Amino acid sequence: MSSVIVVGANWGDEGKGRIVDYLADQASASIRFQGGNNAGHTVINDYGSFKLHQLPSGVFGPSCSAVLGPGMVISPASLSQEISLVKEAGVEVDLRISDRATLCLPLHALEDTLEEQRLGEKAYGSTRQGIAPAYGDRVMKKGILVGWLKQPDVLLERIQFMLDWKLPQLRALYPEFEFNQTAEEITSWLIEVSKSWADSICNVSQHLKALQVQGKTLLFEAQLGAGRDLVYGEYPWTTSSNVVSMYAGIGSGLPALRPDRIVAVAKAFSSSVGTGTLISAMAEQDSFRELSGEYGATTGRPRDVGYFDAIATKNGIELQAATEIALTKLDCLTGLEDLKICVGYEGEHSENPIWPQTAALSPVYEKMASWDEDITGCRKFEELPEATQNYITRIEELMGIPVSMISVGPEREQIIIR
Ligand code: GDP
Ligand code: MG
């Protein structure tokens, strides 16, 4: 039996979806344990090309159930669409949705949007899906649980309770706020829009525990990366949930989980989207961004691109308690003449950088030999050019854990397993 957790070492979009899709071949359950419709996990396999937002990326695994854990916030209409899309591609989906997960309503998305607009230049760079307000409601004990979809009376009562508290606040804060729906209308809408998956609502702990007893492999998938963790990330430019590996059990329905492997996914270069400063940013962004396709999967926003930041990544690896690294997008570095790794920071607090006070810091680089060969067809470490091998070995030295998987292209089989 093994429990494998796949997490992001940096700020997200490291290629977790692609790695989970690969590992799902051997797994019996693929589980999302936090976040919601703000995730964008790209999977390219025999079924097609997908950007998954709420379904776990192991949904394509031949004997893998798709579990949405209690730590998630779930946008019901988008989930229905996503399930149809995957089923239309011919995938058999064995879906389990936690009754303890929290619903993310269109009202939350509206609240999120109004707040970003109010903040103007100080906006967080939210995906405006309503994630922060939905989690906020959960903390304030005003959240709407997925399990209540099966108890319409309770659902109606809790929605009324939430509206009584929320609407006066929104009306007071946002002059343009308009909302005419009643609790009854929201309840009917929710029941209608969740029809296609309401039968999958269950106590997911029972399902996962049963698989554990049978010695099956469980595959946990985080959204975003260590730098965006609500507690340990670059607050307040974080997400609204815990993305670190130690939350995997809690957010999945197995709070006493002891993981066997923690795979930190890191890109062979650094990139970041949203607000915040990338210390190792390349001087010239446009051509490399174009080449490496660094645009947000959910929002299409251009990401900042930079050289591999060994300091930030090591911090991420430690926060994740990672046992190994999956290094992705190595092929994007082919032909990059001025290849280097950021091995230190200079400036105030450079010895103990407390993110996000990064503005005053500048990078210290170590020059690396570059390569021109196309590596997308390599399937063994030994097939890689010597300079590429040295680049990986140097990353291993700096990170202190092995690089066990090397991704040389976005498709499922474009990977080197060591
Ligand atoms: P996630 O949010 O961590 O799952 O990552 P995203 O899917 O948002 O972003 C990763 C992007 O890189 C996607 O467009 C992937 O198709 C792509 N990708 C992943 N691995 C590789 C790789 O090894 N090489 C190349 N060229 N692209 C990759
Ligand atoms: Mg993404």
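What follows draws every value from the coordinates through simple rules; no lab data is involved. What you see is a predicted model, and the numbers here were worked out from it, not measured in a lab. Note that each Cβ is placed from the backbone with ideal geometry, even for glycine, and that neighbours are counted across all protein chains shown.
Key figures
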quantity	calculated
Burial ordering of Arg418, Arg18, fewest other beta-carbon atoms within 10 Å first	Arg418, Arg18
Spatially proximal aspartates and glutamates relative to Lys87 (Cα-Cα < 15 Å; intrachain offsets below 8 disregarded)	Asp46
The range 160-201: C-alpha gyration tensor shape, a/c 1.5 cut-off, then a/b vs b/c	prolate
GNM top mover of Leu361, Leu119, Leu398 - the chain, alpha-carbon springs below 10 Å	Leu119
Relative contact order [Cα under 8 Å, 6+ residues apart], the chain, whole percent	20 percent
Three-way shape label, the range 211-269, alpha-carbon gyration tensor, a/c 1.5	oblate
Gyration tensor verdict on the range 102-193 (Cα atoms; rounded if a/c is under 1.5, prolate if a/b is larger than b/c, oblate otherwise)	prolate
Among the listed pairs Lys329/Lys380; Lys122/Lys314; Lys51/Lys195; Lys314/Lys367, those beyond 27 Å (Cα-Cα)	Lys122/Lys314
Rounded to 10°, Cα long-axis angle of helix 386-399 versus longest principal axis of the chain	60 degrees
Globularity index of the chain, i.e. its alpha-carbon radius of gyration over 2.2 N^0.38 Å	0.99
Dipole of the chain, positive end: most advanced residue of Ser252, Ser272, Leu52 [Cβ charges, Cα centre]	Ser252
Between the range 1-59 and the range 363-403, the Cα center-to-center distance that results, in Å	25 Å
For the range 144-198 versus the range 221-273, the gap between their alpha-carbon centres in whole angstrom	30 Å
Electrostatic dipole magnitude of the chain [Cβ: Lys, Arg +1; Asp, Glu -1; Cα centre; debye, to 20]	1320 debye
Over the range 375-418, relative contact order from alpha-carbon pairs under 8 Å, at least 6 apart, %	47 percent
Loop-located GluC sites (Glu not before Pro) in the range 39-94, at most 15 other Cβ atoms within 10 Å (DSSP)	Glu92
Reachable lysines, given that their alpha-carbon falls under 21 Å from the alpha-carbon of Lys166 and they are not under 8 places away in the same chain	Lys141, Lys142
Packing-based exposure ordering (other Cβ within 10 Å, fewest first) of Lys209, Lys216, Lys142, Lys122	Lys122, Lys209, Lys142, Lys216
Antiparallel DSSP beta bridges within the chain, percent to nearest 5	35 percent
Rounded to 10°, Cα long-axis angle of helix 152-173 versus longest principal axis of the chain	70 degrees
